[in-house]
Structure formats: C-alpha cells, structure tokens
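Asker: Questions regarding the structure given below will be posed in turn.
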Amino acid sequence: MMHPASKPRHRILVIDDNLAIHDDFRKVLAEPKEISSSLASIESELFGVPAPAPSYGTFEIDYVTQGQAGLERVQQALAESRPYALAFVDGRMPPGWDGIETISQLWQASPDLQVVLCTAYADYSWQEIQQHLGTSDSLVILKKPFDNVEVLQLAHALTRKWELNRLVQGKLHRLAYYDSLTDLPNRVLFMDLLSKALTQALQGGQKGALLFIDLDNFKRINDTLGHHVGDKLLTIIAKRLAFCVRDTDSISYLTKTGTTARLGGDEFSILLTELEDECAAGLVARRVSSCLSEPVELGEQQVMVTPSIGIACFPRDGNSVATLLKKADLAMYCAKREGPNRFKYFKETMDADALRRLNLEIHLRKALELEELSLHYQPQFDLASGQLSGLEALLRWHNPTLGTVSPLEIIPLAEDNGMIIPIGEWVVRTACRQAQQWIEQGLRVPRISINVSMQQFIQPNFLSQLRQILTGTGLDPQKLQIEITESLLHKDPGGITALFTSLDKMNVQIAIDDFGTGYSNLSRLQAMPIDCLKIDRLFVKNIEGHKRNQAILSSMIAMAQSMELNVIAEGVETLAQRDFLIQKGCQEAQGYLLSLPLDQEQTEDFLQQLLPANTASA
C-alpha cells in the first residue's frame, strides 16, 4: 500500500503583492496534525468518500506578487505537465492586473484551475464578478482577514475537487476518444490526429501515409466460434498492431511516429508521419502482415487471420482526411480481391475500378430478375476411350450496358454482396432441369457437374433445397456431381464431413475442385466420401518441359489412384498435355483442346452428334 507521503502533492499558487500574506499562507498550509485530521472528516462528508489518512506536506506552494507573474507560472507548470490545482489570488495588486483580470487570464491558460479570490474590500459586487468571469463553480470568495481553518479547509476541498474533476474528465475523454474493447484510439480521435498530421505535412513539406487494415475472413470466425471469441481475437490483434508501431528499434528508420487506431468492427488503421520515403509504408505493411499472420491461441481454439492493407500517401494522394480514407479503403479492397494477406498502394486507376465494381453490383442485383444469366456447358471426356463422360455447368452473364462480364468478376462480387446464395440456387436448379430435358429428349448426359460456393454449401437448408430440386426436375441423383473447392475442407472438418456423408447417401457425386491449391490433409481426404479430384489447370499448364511440374502432377494422379478416386484434369490445351495425362493414368480431362464451353443450343447440337447415326436421323 502506498504511504500517504508518497502521493503526488497538489500544487498551489499564491498571487499576492503583500509578502507578509505569503508568510501567513506558508504557516497555514504547513498543515498541523490536529487540523489535518478534522479537515479530513469535513472533506469526507463534503465528497461522500472515505476520509484519507492525515498527511504532512500535502501541498507544493509557489508565491508571486503580480498577476502577470502568476500567469507565467501557470503556463510553465502546464508545459512541464505539473499543473497547479488551486490559486489564491489577491483582489488588489497595484500596479499590475487586479484579481479579476488575473483570474480571467489564468482561466484562459488553465480552465480547470480552482481559484480563491482573497479581498479585504468590496471592490466588486457578486453580479459584477459574474459579469466579468461568468458563472463558475471553480471560484470561491474569501474575505480578509481570513481564518486559518477556512484557508486550510478550502485548500483541501478545492484541490480534492480539482483532482476528482480531472479523473472524471479523463474517464470521459477515454470514453469519447478510445475504443472500449481494444483501448486503441477510436475513429473520432484518429480522424483528428490524421487532420493535424495532414496539416503539418502540407505546411512543412513532409510525407506521411495512412494504412487501412481489414481482417480477412473475420466474419467467418465470428459466426462459427461466437462473438466472445471474436472480441478476444480483436484485442490480441490490437496489441500486435500497436507493437508493430511502438517497436521504435524496428520502425524509427522508417518514420518518426506511428499511431494505431480501431475504426470499427474488424477495421484498423495506422498513421505514419514524417516518412523518409513512401516505400517505408510498404515495409511497415509487410511487418504488420507478418505479425498478424501468426496463429492465435484462444483457449482450445487456434485461429489464424491475415490482413488486407490499403495504403494512401499524403500529400500525394490527397489533401483532405475524407479523400485519404476513401483512397486507402479502395486500395484495401483491391488488395483483398487479389487474395488474403496482401497490401496495395493507391493508384488513380483504382477509382475507375471502384466505379466499375459499383456498376457491376447494381446490375448484378437485377440480373436474375431480368434473366441476364445463362449457363454454358463444357464437355468432359474419358481419356482412354475418348467418350463423353460429363458436362460442367459454367455461369455466364451478359448485360446490355456492361456487355459480357467475366466469371472471375461475377463470383467474388456475388460472394461479397450475398448474391451468391440466390444465384447458386438458380444455377443448380437450371442445370438439373436442363440435363433432365436433354435426357428426356433421348440425348446422352452421363453426368452434370455444378460448382457450389462455400457460402451456399454451408447454408442450413442446402440439403433440403437440393432434394427439392432433384425431386422437382426428376433428375437421377447419380447424374449429379457437386464440385466443392479444396479450400472448403479446412473450414469446419466435422461439419463438412457430415454434409458429404449426406450427399453420398443421396447418391450425389462429390468432386474436389481446384485440387492442389489448398494443401489438403491426405488423411482428411481419405475419411471423406469423395468420388473425384479435379486437378487445377495451373498444374496442367506448366508440365511441358518442366520435369519438376511433371513429377508433382504424376504424384497427384498416383495419390488419387491409391485412394480409388476418379481424376479429372482441367485446362488441357495441347496434345502434349493430353498425352502426358494418358500416360500417367488420368481418367478424364476437359479443356480447350477437347472442347470450348458451349451455350445451350451448341451443347444440344453437340449431344445430337454423339447419337448413333440411325438414332440421329430418326
């Protein structure tokens, strides 16, 4: 427990032109024990708090004879971060300021200073004092000659009031300007700091940068593990970010200061000022990326999050706070679209990209209603026999204003804005209906393969919806193959396995798409009821003349064979690629060498051509 004598002493300033009065204050505020004890009781009753133990030397007292000198002392104390709590000010101090003018000047410098106006004459009425100084609870009038107990009581009460006011103001300041969860500066304070840094940069010709940080897949962690886990994760992320800019040994050669803030949700920001070079912001971004990517232990759970970071440099990218935030935000979204754990500097072309993305989103929301979406079908072939083994349904979008939009733009956008759920349902229903129609026409459709996004697959009603579609269209479940990207296997192993098992019981085939890009655990694959592995086109593309790539592809095919899984190679574009796959025992393939994706009419013509001659003529 801290000894009372070790508490910081309150500072009191006496401003009086009579040196004898200085001596009187010095004697009174020496605080003899019997007076201290009685005043402690009075203070306890006044503030409703336990009485502090009697102490000696509670006050640190300074003396000046004129108001101007008092103001200088107050200003110096503030500059040293050792402010005065209380000032006793004489009413008359010729030839300088009188007491009223002195108090007015003191309050301009230190608004929370408690003041006792000491006067022997009726120089001002109370109404005149209020007219000059306003109504304030920080002013007390003390008539001379004063009583020693009155002075000591006022000193204790007003310094204690000053202390409590500062505590309350400090708490209110933290509530107003700091994030309650992470204790980092909040958006309000950060905007103010950014505004000041921008002004200084514009005036002094300095460089700075704003890093806008968004956590990849944080919503998924929040939704699957709960908000309490999400909050714990955010506090850890906040500490790591603060460490990145506080570790001066690591960043002092890059920037003079760095401030971290939480803007809200899973969005954070870092303000870098007085940069030697704008490239330094990228080095800080790499440091942040490395620091945040380390696994986080949350009880029995281990999670890993990565950041997407956008960088706007000032004054190059803008001379206003709103402009810099917008451009850093745009750069962050561009980084996120390229994949997790990336950072990008803002470029002017991003404004055009953002406008296009906005237009895409507006039109995509109406695409289903306006029947702008369609399906193309890419044939898949058995490599040994050359026979058709299946059709993969591929989404296409043509808009009268935008033209044909690439699937590479459609899918990420639909996943971001939630449209992937209704679009995904439409794809499954349309592909199943079309396949059944062809079958009823006597055309041979060995299998229809449909890509299902992670968001659609984990919907609680996915299985019931799929059953309803199969029943409604009449398609044999054995004709349907659901393609799931390999990365999904890492999300929720237990839940995904249960879904796979349910599909298997329905006699629906399961294919792992983009195999080789997600670093699947072999034992996990073996435990799941999977029918097929689709090798990503990246591995097929690079096999010609590259023995190492050939070895990787060969091992992937051999692994699938050992697990008795069918293998489909995507992106086959050359005879050499096809021949290599045949040699290694790959069962199926698809790609431009074999067939381009075909629209509905082209697919129907293609299937007609596969019929025996007598059947086709009939």
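Asker: Could you work out how far helix 148-177 tilts from the main Cα principal axis of the chain, as a 0 to 90 degree angle to the nearest 10?
Answerer: Approximately 10 degrees, to the nearest 10.
Asker: Per-residue HN-Hα couplings for region 340-356, Karplus 6.51 cos²θ - 1.76 cosθ + 1.60 at θ = phi - 60°, whole Hz, x for Gly and Pro?
Answerer: x, 6, 10, 9, 9, 7, 5, 10, 4, 5, 5, 4, 5, 4, 5, 5, 5
Asker: Helix 67-79 versus the longest principal axis of the chain: what angle, 0 to 90°, nearest 10, using Cα atoms?
Answerer: The angle comes out near 30 degrees.
Asker: With a point put 7 Å past each Cα toward its Cβ, work out how far Trp426 is from Ser464 in nm, to one decimal.
Answerer: 2.4
Asker: Follow-up question, since we're still on this one. Per residue, how large is the accessible surface of the chain? Use a 1.4 angstrom probe and give square angstrom.
Answerer: Computed with neighbouring chains in place, this is 50 Å² per residue.
Asker: Oh, and also: Sort region 357-505 into rounded, prolate or oblate with this rule: let a ≥ b ≥ c be the square roots of the eigenvalues of the Cα gyration tensor; rounded if a/c is under 1.5, and if a/c is not under 1.5, prolate when a/b is larger than b/c, oblate otherwise.
Answerer: Because a/c hits 1.5 or more and a/b fails to exceed b/c, region 357-505 counts as oblate.
Asker: Continuing with the same structure: With a ≥ b ≥ c taken as the square roots of the eigenvalues of the C-alpha gyration tensor of region 165-297, please select rounded if a/c is under 1.5 and otherwise prolate if a/b is larger than b/c or oblate if it is not?
Answerer: oblate
Asker: Now for a separate question. What FRET efficiency do you get for His228 and Val188 if R0 is 35 Å and r is their Cβ-Cβ distance, rounded to the nearest 0.05?
Answerer: Plugging the Cβ-Cβ distance into 1/(1 + (r/R0)^6) gives 0.85.
Asker: Here is a follow-up. Using a 1.4 Å probe, how large is the accessible area of Cys279, given in Å² and rounded to the nearest 10?
Answerer: Answer for Cys279: close to 90 Å² accessible.
Asker: Let me ask you something else. With the contact rule set at Cα under 8 Å and sequence spacing of 6 or more, what percent relative contact order holds for the chain?
Answerer: 8
Asker: Using a Debye calculation, one point per C-alpha and no hydration shell, please list log10 I(q)/I(0) for region 551-618 at q = 0.13 Å⁻¹ in order.
Answerer: Taking Cα atoms of region 551-618 as identical point scatterers yields -0.52.
Asker: Further question: Taking all protein chains in place and a 1.4 Å probe, what share, in percent, of the accessible surface of the chain do carbon and sulfur account for?
Answerer: Of all accessible area on the chain, carbon and sulfur atoms account for 52 percent.
Asker: Next question, about the same structure. How tilted is helix 99-109 with respect to the longest principal axis of the chain? Cα atoms for both, answer in degrees (0 to 90, nearest 10).
Answerer: That works out to roughly 20 degrees.
Asker: Further question: Run the quick spin-label model on Leu78 and Ser406: label points 7 Å from Cα toward the beta carbon, then report their separation in nm to one decimal.
Answerer: Each label point lies 7 Å from its Cα, and together they span 6.0 nm.
Asker: What are the semi-axes of the equivalent ellipsoid of region 250-388, taken as the square roots of 5 times the eigenvalues of the Cα gyration tensor, listed largest first and rounded to whole Å?
Answerer: Those come to 38, 24, 16 Å.
Asker: Scale the Cα Rg of region 429-490 by the rule-of-thumb value 2.2 N^0.38 Å and send over the ratio, two decimals.
Answerer: So region 429-490 has a normalised radius of gyration of 1.19.
Asker: While we're on this one: Between Thr306 and Thr471, what is the spin-label point distance in nm, taking each point 7 Å from the Cα along the Cα→C-beta axis?
Answerer: About 4.2 nm, to one decimal.
Asker: I would also like to ask the following. Once you have a ≥ b ≥ c as the square roots of the Cα gyration tensor eigenvalues for the chain, tell me rounded if a/c is under 1.5, and otherwise prolate or oblate according to whether a/b is larger than b/c.
Answerer: In terms of gyration-tensor shape, prolate.
Asker: Give the percent of DSSP beta bridges with both residues in the chain that are antiparallel, rounded to the nearest 5.
Answerer: 50
Asker: Mind checking which lysines have their Cα closer than 19 Å to the Cα of Lys161? Skip sequence neighbours fewer than 8 apart in that chain.
Answerer: Lys7, Lys171
Asker: Follow-up question, since we're still on this one. Pairs Lys27/Lys144; Lys534/Lys584; Lys207/Lys347; Lys336/Lys541: which are spaced more than 19 Å apart, C-alpha to C-alpha?
Answerer: Lys336/Lys541
Asker: Per DSSP H run of at least 4 residues, take -39500 (n - 2.57); add these up for the chain, divide by its residues and hand me the 222 nm value, nearest 500 deg cm²/dmol.
Answerer: After summing the helix terms and dividing by residue count, I get -15000 deg cm²/dmol.
Asker: Take the Cα coordinates of region 132-224, assign each an equal point scatterer, and use the Debye formula without solvent to give log10 I(q)/I(0) at q = 0.13, 0.16 Å⁻¹.
Answerer: Values returned for q = 0.13, 0.16 Å⁻¹ are -0.78, -0.91.
The values are calculated or read from the model by the stated rules, or taken from the named source; none is laboratory data. Owing to the predicted nature of the structure, the values given are computational and were not obtained by experimental measurement. Glycine gets a Cβ as well: all are built from the backbone with ideal geometry, and neighbour counts include every protein chain shown. Accessible surface areas use protein heavy atoms only, side chains included; no ligands, DNA or RNA. Shrake-Rupley method; radii C 1.70, N 1.55, O 1.52, S 1.80 Å.
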